[in-house]
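Structure, as structure tokens:
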Amino acid sequence: MPNRLQHENSPYLLQHQYNPVDWYPWGAEALEQAAREDKPIFLSIGYAACHWCHVMAHESFENPTTAALMNQNFINIKVDREERPDLDHIYMQAVQAMTGSGGWPMSVFLTPQGKPFWGGTYFPPSPRPGMPSFNQVIAAIAEAWRSDRQGILSSGENFTQKLYNEITAADPQALSPQALRQAAAKLADGYDRQEGGWGTAPKFPLPVRLLFLLQQAAGSDQDSLKLAEHALQSMAQGGMYDVVGGGFARYSTDARWLVPHFEKMLYDNALLARAYLYAYLLTGNPEYRHICEETLRFIQREMTLPDGGFLSAIDADSEGEEGKFYLWRDDEIDRVLPDPEDNLLLRTVYHVPVQGNFEGRIILQRMRPLAEAAERLGLTLDKLQQRLDQVHGILYRERETRIHPHRDDKVLTAWNAMMIQTLAEAGRYLNDASWLAAAQNAAEFLLANLYPQDHLLRSWRKGKARVDGFLEDHAALILALLELYQSDANPRWYAAARSLTETMLREFHQPGQGFFDTPRGAQTLITRPQDLQDNATPSGSAQAVLALLRMAALEGSTSWHDLAVETLQRQAAMLVRYPAVFSHWLSAYALALAEPREIAIIGDPTEADTRHLWETAWSAYRPFQVCAVSSDPPAADAPPLVQDRDRVNGQATVYVCRHHACQAPVTTAQALQALLAD
């Protein structure tokens, strides 16, 4: 018989609907039942593509004996961390305080009032050295609840008080270019100059750090460019990057990017594709463009739903085995590539050991630079890339005959917004209408399905939208809509972004304290979370500050600009001291210092002379500018930047301003280029 999770919409929760555990979703019913029965709560948090979540579910939650112990002693609650990042943040902070580390599946024990008193992550079905079995854990917690109730309640109070005090005390500082340079230097100090990236195994791609470094590179910081390029080249050699089908795995289990944790997340691919796009624009290296476009093609092919939205993740497992879908055997490669030239090409570019390089099977990873491989094969670089694409296509078609990993097909607003922003920028910078169309379709989907009656929701699946939007949903969608507006000049995108900005300030901002992750009047939690650090995705607060700065430039709002700067100043000391976890804040910091250049183009966006000016404005990666294009007269919902401006002599005309002070208007691409170079 299914449990209460049968009525949920999250694929992760639905995976557990037939467990013998009497699961509750998070909500008033579960908390009231815990109080009524005077039982502690066992809270399990995970997500659909989590390998160890599957393992613990199979070992423990599907076990009738374990389930009986859980049902007898606890009210059991299951949460999808992707749907409820607020709960995930609160209780992850508690687990990290208790154990010094965290991860998923997260296993936390709470009082009936939701206060955490003990926790961990994965627990095995049988004891291991230094790790009790899950049954031992739940038996010990149940006994402690009976025999040491006061101790447990005291522990819950102590951890809850720590969470109340989590909000970082402000140490306001003025913004300075020197501090920004210091932050970039600190990021460089912690970089792995041999293998690329930061840290050791497991190694995460950390795209927000790369985006900050590339932004610095656009300001002629060559050291930041070298660092970002090294990381991008290291990740792109294969393993972490799926050379056959495109797209990136969530992280590498080793330090050299060979063995991925094979799940693919929408947010990683959105942010990494953007990083490779910027690297291409800064260097002209066609390999970066190729990886960006292959990643976007993967998204279009495998993570785009028929209605235009993007699904959240593709699992690591298929047929109960992690990575099976992606791995090869030596004899299998010979069978699939019978043409000797194709076979030689693959083995010249990639390391293809007969004995395998991962549990007896093969992960394709480049063993030499493409230029060296091209020389060995007597090919030009362009010709080698064409041939490689053909060989990858053969392998891809063979791989498609296998059983596919499970897909988490819920649509999350913030993650979709990140992909919309990347697609809109790719369409604009690469002059590719297909990427722009994909961004437009996804934005239409979000506004129609997740923004009803001007109320933004977090999650959608199979026609049902649920969960009020969080700060990151509002901020990420504002940024996405602004990039889309700057790519196709439809003022409806700007109008929606403006409405969301007003909502974001009303619901999430607290004067003197900054932005909070949950809206005013949201479901009562033991504390109102304020997650300032970047994690796998950028901090919602950092995105909110970036959105305010960009909106202020288009809107001409001094108050929005000043609020963004005030928020940055409150956190400035912390950002510079710990740049590794505040990289997206640093991107906002740099934008505030630069005072974005404001470009208004007045002319019909469909006419050639207007489009020529528009393309000139975006002919290079320019992170410190906004650009609005409008017919004359502008639409009522177009931004103030284009209002009350006229054509000169009836020609398409450009006004270039900074902080609302404008230079003389120009009408030619050459004149605009000169202004942009100043």
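For GLY100, the requirement of being modelled with pLDDT under 90 and on the phi > 0 side of the Ramachandran plot is met.
Which of the residues spanning region 653-665 are at pLDDT 95 or above and either among the hydrophobic types (A, V, I, L, M, F, W, C) or within 36 Å of the chain's Cα centre (by Cα) (or both)? Across region 653-665, the qualifying residues are VAL654, TYR655, VAL656.
How many of the residues making up region 177-208 are touching a Pro at 6+ places or on another chain (Cβ under 8 Å), buried (at least 18 other Cβ atoms within 10 Å of the Cβ), at negative phi and not β-branched (Val, Ile, Thr)? Final tally of qualifying residues: 3.
When GLN386, GLN365 are checked against the criterion of being in contact with a His (Cβ under 8 Å, 6 or more places away or on another chain), closer than 25 Å to HIS230 by Cα and either surrounded by fewer than 16 Cβ atoms within 10 Å (Cβ to Cβ) or not assigned by TED's automatic domain parsing to the domain that holds TYR47 (or both), a single residue qualifies: GLN365. If I filter region 389-411 down to residues being among the acidic types (Asp, Glu) and assigned to a helix (DSSP H, G or I), which single residue comes out as surrounded by the most Cβ atoms within 10 Å (Cβ to Cβ)? Among residues in region 389-411 that are among the acidic types (Asp, Glu) and assigned to a helix (DSSP H, G or I), the one surrounded by the most Cβ atoms within 10 Å (Cβ to Cβ) is GLU398.
With LEU447, LEU484 as the choices, which residue is assigned to a helix (DSSP H, G or I), modelled with pLDDT of 95 or more and closer than 18 Å to LEU548 by Cα? Testing whether each residue is assigned to a helix (DSSP H, G or I), modelled with pLDDT of 95 or more and closer than 18 Å to LEU548 by Cα leaves just LEU484.
Restricted to region 8-61, and to residues there that are in contact with a Lys or Arg (Cβ under 7 Å, 6 or more places away or on another chain) and free of Cβ contacts under 8 Å to residues at least 60 places away in the same chain, the residue that is surrounded by the most Cβ atoms within 10 Å (Cβ to Cβ) is TRP23.
Applying the criterion of at least 3 residues that are modelled with pLDDT of 95 or more and closer than 20 Å to ALA465 by Cβ to the helices (runs of 4 or more DSSP H) found wholly in region 1-90 leaves 11-14. Given the condition assigned to a loop (DSSP other than H, G, I, E, B), among the hydrophobic types (A, V, I, L, M, F, W, C) and touching a Gly at 6+ places or on another chain (Cβ under 7 Å), answer yes or no: does some residue in region 640-659 qualify? Yes, region 640-659 contains a residue that is assigned to a loop (DSSP other than H, G, I, E, B), among the hydrophobic types (A, V, I, L, M, F, W, C) and touching a Gly at 6+ places or on another chain (Cβ under 7 Å). Of the candidates ARG506, ARG428, ARG492, the single residue that is crowded, with 20+ Cβ neighbours inside 10 Å, basic (Lys, Arg) and either assigned to a helix (DSSP H, G or I) or within 21 Å of the chain's Cα centre (by Cα) (or both) is ARG428. Looking across region 594-604, the residues that are of a type outside the set (A, V, I, L, M, F, W, C) and surrounded by 18 or more Cβ atoms within 10 Å (Cβ to Cβ) come down to PRO596, ARG597, GLU598, GLY603. Residues in region 605-646 that are crowded, with 16+ Cβ neighbours inside 10 Å, of a type in the set (Ser, Thr, Tyr) and either at pLDDT 95 or above or under 30 Å from THR283 (Cβ atoms) (or both): THR610, THR616, TYR621. Is it the case that some residue within region 262-283 is surrounded by fewer than 19 Cβ atoms within 10 Å (Cβ to Cβ), outside the structural domain of ARG347 (by TED's automatic domain parsing) and in a helix (DSSP H, G or I)? Yes, that holds for at least one residue. Checked against the criteria, ARG297 does not count as loosely packed, with under 15 Cβ neighbours inside 10 Å, modelled with pLDDT of 95 or more and either over 23 Å from LEU412 (Cβ atoms) or of a type in the set (D, E, K, R) (or both). Scan region 158-176 for residues that are modelled with pLDDT of 85 or more and surrounded by 12 or more Cβ atoms within 10 Å (Cβ to Cβ) and jot them down. Listed by number, the residues that qualify are GLN173, LEU175, SER176. Of the set (1) under 25 Å from the mean Cα position of the chain (by Cα); (2) within 26 Å of HIS89 (Cβ to Cβ); (3) assigned to a loop (DSSP other than H, G, I, E, B); (4) not aliphatic (A, V, I, L, M), all apply to ARG193 but (2).
Take the residues of region 196-222 that are closer than 17 Å to LEU593 by Cβ and in a loop (DSSP other than H, G, I, E, B): which is modelled with the highest pLDDT? Only one residue tops the list, namely ASP221. Looking across region 378-392, the residues that are out of contact with any helix residue (DSSP H, G or I) (no Cβ under 6 Å at 6 or more places or on another chain) and over 15 Å from TRP328 (Cβ atoms) come down to GLY378, LEU379, THR380, ASP382, LYS383, GLN385, GLN386, LEU388, ASP389, GLN390.
Within region 96-111, the set of residues being part of a loop (DSSP other than H, G, I, E, B) and not polar (S, T, N, Q) comprises GLY100, GLY102, GLY103, TRP104, PRO105.
The values are calculated or read from the model by the stated rules, or taken from the named source; none is laboratory data. The structure presented is a predicted model; accordingly, all values stated were derived computationally and were not measured. Neighbour counts are summed over all protein chains in view; Cβ atoms, including those assigned to glycine, are modelled from backbone coordinates with ideal geometry.
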